[in-house]
């Protein structure tokens, strides 16, 4: 394998060879001095008669030593290495970076393909009997099969790997490799194959020697680093009654030169461009972009695609995904209808809420929307449709994790949880209750409003749903006559509305576990990934978990049960770390001379030759110092014969 240079810029030092040679071919500028005779200065006289300031280059030992020192110093700074050299180890862990930046193209192939080729060369250089362990370094590292002496099987596992659209954490993979090799006896080594992005952070200090093979060249790139979708209702006097959907995207330039790009917005599976904009990005610039369109009622929940064009070296970060939010119009279901007129009146005070009544017997079979707010009075049904729910004045007995006690007269409110979203900006001072049931909350943290006799309002939330249990009839209190009651109902509705905006619970980024809200009655959940691969998920308490989505795009869920249906979730990369493909001092330092915290654990590359060049440079400098400071050999005066001057012949 031909040697590679870890720092090619070090070869610029060889440019000093030219001025060095010039110094040896320039004639010395001499001073005029009066002497008794010019016979001893005939050579100098000939130089003075010459018109050219140059002299013929003669072979001189000092020139050779100085040129050798410069050459060796330049090679030492360039860090030559045999990246496919022989790896002298019995146990080797190959850590290969599978993050999004490895999908960037450096020439005709991607960085990941170059890393696979380098890994094959390392495997081919292992001594007979050595075993190899393959570790994929994505958002979370994992071993690809056990350590194996059959290198053909290891190569087959390597060929099955592919880079993913996640933000990588190479240090976690190195720690895992060190843990796997720590218990093995004999000569061990960790070989890390990554690009400059993966090596930007310092690798952890390990007891096992670590070698780094860097792949890929720096390239210019532009990326979408943030995306958000909002929906606004038309204002009074607007010419249209349709809601307007606005997509906010932040586009960043990781280029060395300005670039013109187009940002377009489309709907999923549709070639029609809804909005577009042309941008001129300066190097290192971040620019916000807002693209909008008027949404129809049926557009709620459909997918949106934001794309940059023309494409660049890393296509995976040129696309971001979103979903049209539902309208702010929230549907609330009361059961039985008009059982709590004060609560219904407070709900109707919200102009963006639609109120419907359903008999208690038909609550489970009336086709209630999965995102509806359900309010039940004087009952605690075992099955509740919809999303968030409120139970008012339940009968004694167990109720969704809480225990409802017997009613007591005249309870007094003593405290309430001001940090809970349902009780924001609320004071319950002066609230008088005629009769209430003491509640035993599921946990101590579930208590919302406390009275002298026990809890009056508790939290009975379930996975993916917010539940509120009120232990009294609000009509048998003076609470509805106070502003705090309207605020409480409005807070409950706003919380339900915010939960309805997305079925995704938590950050929707690649590499992060994705929790998706499904109906509590869903028994079977099928997932279709952006690549088209299908899998089965387990749903508990109305939440299905996708362990680690590794590709940005649309994730489609279909579920079976009492109310079968589908749900669409979006996952994005939006990582500046992975999108920045420019050369960075931190990346060059981690790939070559390691930081002080990892210097003892990281070597430059398998087959490093830099130390040999540095040793040659040191030897050349020592030789020059010795030559210049040596004592000249003494000449025996008895053997020295003075030269006789030549006399001119007589005419």
With criteria (1) touching a residue at least 40 places away in the same chain (Cβ under 8 Å); (2) under 27 Å from residue 441 (Cβ atoms); (3) surrounded by fewer than 17 Cβ atoms within 10 Å (Cβ to Cβ), residue 470 comes up short on (3)
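Quick one: is residue 434 farther than 30 Å from residue 317 by Cα, at pLDDT 90 or above, touching a helix residue (DSSP H, G or I) at 6+ places or on another chain (Cβ under 6 Å) and surrounded by fewer than 18 Cβ atoms within 10 Å (Cβ to Cβ)? Write out each step before concluding.
Working: farther than 30 Å from residue 317 by Cα: yes; at pLDDT 90 or above: yes; touching a helix residue (DSSP H, G or I) at 6+ places or on another chain (Cβ under 6 Å): yes; surrounded by fewer than 18 Cβ atoms within 10 Å (Cβ to Cβ): yes.
In short, yes.
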Going by what's in this entry, would residue 307 be described as touching a strand residue (DSSP E or B) at 6+ places or on another chain (Cβ under 9 Å), surrounded by 14 or more Cβ atoms within 10 Å (Cβ to Cβ) and not assigned by TED's automatic domain parsing to the domain that holds residue 532?
yes
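To keep it simple, each residue is scored yes or no on (1) touching a residue at least 60 places away in the same chain (Cβ under 8 Å); (2) in contact with a helix residue (DSSP H, G or I) (Cβ under 9 Å, 6 or more places away or on another chain); (3) in a strand (DSSP E or B).
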{"position": "93", "(1), (2), (3)": "yes, yes, yes"}
{"position": "112", "(1), (2), (3)": "no, yes, no"}
{"position": "123", "(1), (2), (3)": "no, yes, no"}
{"position": "133", "(1), (2), (3)": "no, yes, yes"}
When you scan segment 142-153, do you find a residue that is assigned to a loop (DSSP other than H, G, I, E, B), farther than 17 Å from residue 87 by Cβ, in contact with a helix residue (DSSP H, G or I) (Cβ under 8 Å, 6 or more places away or on another chain) and free of Cβ contacts under 8 Å to residues at least 60 places away in the same chain, even just one? yes
When (1) without any contact (Cβ under 8 Å) to a residue 60 or more places away in the chain; (2) part of a helix (DSSP H, G or I) are applied to residue 577, the one that fails is (1)
Counting only residues in segment 445-467 that are touching a residue at least 60 places away in the same chain (Cβ under 8 Å), outside any strand (DSSP E or B) and surrounded by 19 or more Cβ atoms within 10 Å (Cβ to Cβ), the one nearest to the chain's Cα centre (by Cα) is identified as 464
Sole miss for residue 427 among (1) modelled with pLDDT of 90 or more; (2) over 23 Å from residue 478 (Cα atoms) is condition (2)
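Confirm whether residue 292 is part of a strand (DSSP E or B), in contact (Cβ under 8 Å) with a residue 60 or more places away in the chain and surrounded by 15 or more Cβ atoms within 10 Å (Cβ to Cβ). First the steps, then the outcome.
Working: part of a strand (DSSP E or B): yes; in contact (Cβ under 8 Å) with a residue 60 or more places away in the chain: no; surrounded by 15 or more Cβ atoms within 10 Å (Cβ to Cβ): yes.
No.
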Scanning segment 154-190 residue by residue, those in a helix (DSSP H, G or I) and surrounded by fewer than 14 Cβ atoms within 10 Å (Cβ to Cβ) turn out to be 156, 159, 160, 179
Within segment 537-551, the residues that are in contact (Cβ under 8 Å) with a residue 60 or more places away in the chain and not in a strand (DSSP E or B) are 541, 542, 548, 550, 551
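For (1) assigned by TED's automatic domain parsing to the domain that holds residue 512; (2) surrounded by 13 or more Cβ atoms within 10 Å (Cβ to Cβ); (3) modelled with pLDDT of 70 or more; (4) in contact with a helix residue (DSSP H, G or I) (Cβ under 8 Å, 6 or more places away or on another chain), each residue gets a yes or a no:
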residue: 546; (1), (2), (3), (4): yes, yes, yes, no
residue: 552; (1), (2), (3), (4): yes, yes, yes, yes
residue: 557; (1), (2), (3), (4): yes, yes, yes, no
residue: 576; (1), (2), (3), (4): no, yes, yes, no
residue: 621; (1), (2), (3), (4): no, yes, yes, yes
residue: 638; (1), (2), (3), (4): no, no, no, no
residue: 645; (1), (2), (3), (4): no, no, no, yes
Checking 271, 326 in turn, the sole residue that is touching a helix residue (DSSP H, G or I) at 6+ places or on another chain (Cβ under 7 Å) and either closer than 21 Å to residue 372 by Cβ or assigned to a loop (DSSP other than H, G, I, E, B) (or both) turns out to be 326
Exactly one of 287, 264, 334 is closer than 30 Å to residue 108 by Cα and assigned to a strand (DSSP E or B), and that residue is 264
For this session: Answer yes or no: is there a residue in segment 392-409 that is assigned to a strand (DSSP E or B), touching a residue at least 60 places away in the same chain (Cβ under 8 Å) and closer than 30 Å to residue 327 by Cβ.
Result: yes
Picking from 240, 206, the residue that is in a loop (DSSP other than H, G, I, E, B), buried (at least 16 other Cβ atoms within 10 Å of the Cβ) and in contact (Cβ under 8 Å) with a residue 24 or more places away in the chain would be 206
Filter segment 348-371 for residues that are over 19 Å from residue 501 (Cα atoms) and crowded, with 16+ Cβ neighbours inside 10 Å; the one that is farthest from the chain's Cα centre (by Cα) is 358
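Checking the structure you have, find out if any residue of segment 420-430 is assigned to a strand (DSSP E or B) and at positive phi.
No, every residue in segment 420-430 fails to be assigned to a strand (DSSP E or B) and at positive phi.
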_Some residue of segment 418-435 being within 49 Å of the chain's Cα centre (by Cα) and farther than 23 Å from residue 482 by Cβ_ = no
Quick count over segment 202-241, residues being more than 24 Å from residue 111 (Cβ to Cβ) and in the same structural domain as residue 258 (by TED's automatic domain parsing), is 16
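The values are calculated or read from the model by the stated rules, or taken from the named source; none is laboratory data. Keep in mind that what you see is a predicted model, and the values were worked out from it rather than measured. With ideal geometry, Cβ positions are generated from the backbone for all residues, glycine too; neighbour counts draw on all protein chains shown.
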